[in-house]
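Data first, discussion second: the structure below is written as structure tokens.
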Amino acid sequence: MEPVIGLAVGLGTGPGLVGAPNRRGGRVPGAQNTGVEGGVGLTALMVAAARAIETHRPDALAGDAYAEHFVRAAGASAAWPVRPAEVPDGDANPLWGRLGRYFGLRTRVLDDFLVRSAHAGARQVVLLGAGLDARAFRLDWPPGRVIYEIDRDGVLAFKHHVLDGLAAVPTATRRPIAVDLRDDWIRSLVSTGFDPTVPTAWLAEGLLLYLPPDAERRLIDTVDRLSADGSTLAFEVKLGPESPEVRASPVYVAARQQIGVDLLALFDGEPRPDSVGDLRGRGWSTAIHTPFDFTRHHGRGPRPEPNDALASNRWVFANKPGTHI
Ligand SMILES: C[S@@+](CC[C@H](N)C(=O)[O-])C[C@H]1O[C@@H](n2cnc3c(N)ncnc32)[C@H](O)[C@@H]1O
């Protein structure tokens, strides 16, 4: 495994890398503090569990053989389901059924976006808030692509512990970068070899909801400044504050009660910036989709329901002129 740029301490030492016990009683580096055992890091495990379950569905939209290994390796998630048969109530379960299907659909749509971008000329891919995303290992990249994975040090340390144990081999050049996206991250990215003169595919999947508005504005500014013509960006946003009825919806309640992930408390509560308008003002073209657009396209995935926690989710696809994706 390549070293984590910006990771100040070696595996197994120092704060953030102490580790939590896993089911086998071992200590898992990076599981605590800035890792996956609590706070926003736990959401990376939640999405990994959803991907694991999706992988084993007979009608899977996406396959991720690494996902269940992440879930099993962390103490917080070791007992979570990783297969449809392990989900209490099956598809009727609001967390692992409907929200899980949402993550499966999102994975597939953004897999397709990244691979399409790479074939259309993106030479490098930047996964912002990469979490336990294994795209650098499981997607079929054209030759010569470089994948940058940005997340906090504890999350990446945990990820590497698991991937090293599996002797996982990336399908592209992979460069992990341990940095907090609320800080200045340009230097960290550029110093690892990122080339702003060639087209890039950027992805912020399940990230912006957790960032303060200023960090989101800086992220969009940075992406624009570092993007050569022909670059692409996909990200997920929520349209705005949700009503009390939506906040009480089964998805949020189930995440809180079943796995202790209080999404509403983790989402940044400040008014959101207009990132789509910002990009358009900088000359990017944008397309905004609901998840349900892709449910229709693929013939499976979550469908609208009353007081829906997914109703305000939007997936934005942006192109900097010069691309024809
Ligand atoms: C919901 S998970 C999504 C992970 C991945 N993109 C996926 O879809 O599987 C959110 C991720 O964003 C990361 N994240 C949240 N705030 C961050 C920050 N300020 N700096 C770096 N990463 C952050 C978390 O550590 C976590 O891995």
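Each reported figure results from applying straightforward, stated rules to the coordinates on display, with no laboratory input. Treat the numbers as computed from the prediction; the structure is a model and nothing was measured. Backbone-built Cβ (ideal geometry, glycine too); neighbour counts: all protein chains shown.
Measuring nothing but alpha carbons in the stretch 203-252 and taking Rh as the Kirkwood radius, the Rg to Rh ratio lands at 1.11.
Estimate the FRET efficiency between Ile288 and Ala120 by the formula 1/(1 + (r/R0)^6), using the beta-carbon distance for r and 30 Å for R0, to the nearest 0.05. The computed FRET efficiency comes out at 0.90. You can think of it this way: the chain between Arg296 and Asp274 has 5.2 nm of extra reach, that is 0.36 nm per residue less the Cα-Cα gap. Sorting the Cα pairs of the stretch 29-107 by distance into bins of 10 Å, from 0 upward, gives 22, 53, 23, 2 percent per bin. Say R0 is 45 Å: what FRET efficiency, to the nearest 0.05, do Ser243 and Ala85 get from their beta-carbon distance? Working from the Cβ atoms, E equals 0.80.
Using 20 Å as the cut-off for backbone N distance, which residues of the stretch 196-231 belong to the label zone defined by a point 7 Å from the Cα of Asp112 along Cα→Cβ? Only 201-206 pass the distance filter.
With an 8 Å cut-off on Cα pairs and a minimum separation of 6 or more residues, tell me the relative contact order of the chain in percent. Value for the chain: 18 percent.
Here, the chain is characterised by an Rg to Rh ratio of 0.93, where Rg is the alpha-carbon radius of gyration and Rh the Kirkwood radius. Hull volume per residue, based on the alpha-carbon atoms of the stretch 153-263 and their convex hull, is 154 Å³. Taking packing as the residue-averaged number of other Cβ atoms within 10 angstrom, the listed peptides 245-253, 143-151 run from highest to lowest as 143-151, 245-253. When restricted to Cα atoms, the stretch 199-325 yields an Rg and a Dmax of 15.9, 47 Å, respectively.
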